[in-house]
Each structure stands twice: as C-alpha cells, then as structure tokens.
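The values are calculated or read from the model by the stated rules, or taken from the named source; none is laboratory data. Everything numeric here is computed off the predicted structure, so don't read it as measured data. Here the Cβ positions follow ideal geometry from the backbone for every residue, glycine too, while neighbour counts run over all protein chains shown.
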Amino acid sequence: MTTKIAFIGGGNMASAIIGGLLKQGLNSADILVVEPFAEARERLTRELGVQAMEAADRRLADARLVVWAVKPQTFRDAAAAVQAHTGSALHLSVAAGIRSDSIAQWLGSERVVRCMPNTPALVGKGMTGLFARAAVTAADREQVEQVIRTTGDLLWVAEESQLDAVTALSGSGPAYVFYFIEAMTAAGAQMGLSPAQAQQLAIGTFVGAADLARASSEPPEVLRQRVTSKGGTTYAALTSMEDSRIKEHFIVAMEKARVRAQELGDEFGAP
C-alpha cells in the first residue's frame, strides 16, 4: 500500500490499525494522525514513528484515505475542522453508531465506508463489519479491505441498519467472552483450582473451541451435541443453563446492545 493515510483520533483502535499497516510495509512517513491530547501524540510518535498533530490543517489534503477513530459525541466537531482539507479523500469511520448519512453531510462527501471493529484487532484477531455508500467504488472497497485486514477478518453488509446488529454481536462480543471467562475462572477457583489455573483453563478452552468452530464444516449446534453425552457432566451443566434460560436472556441482552447502537446514531447524528 502506497496511499497516504490520515487518522482522526489516535486511540487504541487507530493504534491497532496503524501497527498493522506498518507491518504490511506502509512507510510511517505516509501516516498522519490528528490527536488533541499531548500524551497520546507523544506515544504515537515514540512507539509507531508516525506524524501526530494537535489539530487539523492543510497537511491533511495529501491523504487519500481518512480513518475516523473518534468518539461518537465528538465526530461532528472533528468533521467541521477536517472537512475543508479532505474533499477528495475516501473516508472510513470506526465510530460506533454514527450513520453514514450524517458523516456524508458533515464531510461533504459520499465516499464513506462505515465499519464496526472489535478489540481483538489489537492482537490482529479482530472481526469487523463494513457498509459502503453507493458512491464507494470497487477500488475504494479494496483499499479499505487492505487496511482492515491488517487487524483481522472482515464482513461486508448490504444494509447499513445491519451494522447495529454487528455492533451487538461482534463489536460488543469480546466483552461477553471475557464475562464468561470471568465466570468460569470464579467457578474453577470455587471448586479448588487456583485462580491462575482456572483462568488458564478458561482462556485455553475458549481459544480452542473457537478454532475448532472455525475449522469445522459443522454448525456449533452439532459440535455442542458431540460434547454432550446424555447423563454426563456437560449434560448436567447445559441442562442447568437451559433451566435458567441463559440463552434466552443472552439474546435479550444482545438486542439491548443493538438498540443502544441505534440510539447512538439518533443521539449524535445529523438532525
């Protein structure tokens, strides 16, 4: 990749993408970051060797791709400062909830791709959902894919509203996994293992099960059934979960996340 890229916001997600781009061979001199916090700017320069500036200026005009890694509530103000310099750029937003209609309006450009990454991107194992507006070309999509694949896997959706479901499923999903790891670790410690032993077993089980699910041609339901002998230990645990309606409650919880993603678009988007 030889394109010059600007990042608006230099937090964890931006750093993960920048790190992936550098590993892919992009020259650090071709990356510019707008980051208002001095400590974050110093870290970006020290750890990644990229240019970091406090506020937007005409140097952004050289960027062919602008990655928006800002909080939803600050997007509008950030766009107002950047818009004059990036009229010909392709825009990629990782801001949760902010719809592409609002982004296109604030930036005066229809070349907008929205995406919802997740935190495993920090270790190159992310899962990102993407939506492109009609003006985004095949070449634009390819450029975005080059960027996102440095952080893990990706999935395009046809309808922007589906990104709210992506947010609920994979965007927030790592927290659900960590929640179950916490519970399994606590249970293991309660049953006589040390906390460190229980955590190692819990994390290893999630990693192995996920790898098996990815490698298998069979659905998770079949894989689960193969581990569950009637009257056995797994059967006892899953029966308890079913009696407690854990799956049903989990689905309701994810729907709450989807609704909140929708609310963010309503709350912080264009009027």
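When the residues of the range 115-135 are filtered to those that are touching a residue at least 60 places away in the same chain (Cβ under 8 Å) and closer than 17 Å to Q146 by Cα, the one that is surrounded by the fewest Cβ atoms within 10 Å (Cβ to Cβ) is G124.
Of the residues E242, E248, the single one that is among the charged types (D, E, K, R) and within 27 Å of the chain's Cα centre (by Cα) is E248. For beta carbons closer than 8 Å, sequence separation of 6+ or different chains, a first residue in the range 199-216 that is of a type in the set (V, I, T) and a second that is assigned to a helix (DSSP H, G or I), the qualifying pairs are I203/I181; T205/M184.
When A202 is tested against the conditions (1) surrounded by 11 or more Cβ atoms within 10 Å (Cβ to Cβ); (2) more than 26 Å from T167 (Cβ to Cβ); (3) not β-branched (V, I, T), the lone failure is (2). Scanning the range 46-77 for residues that are under 20 Å from the mean Cα position of the chain (by Cα) and farther than 20 Å from T128 by Cβ returns Q73, T74. Within this structure, V112 fails the test of being under 19 Å from A40 (Cβ atoms), hydrophobic (A, V, I, L, M, F, W, C) and at pLDDT 95 or above.
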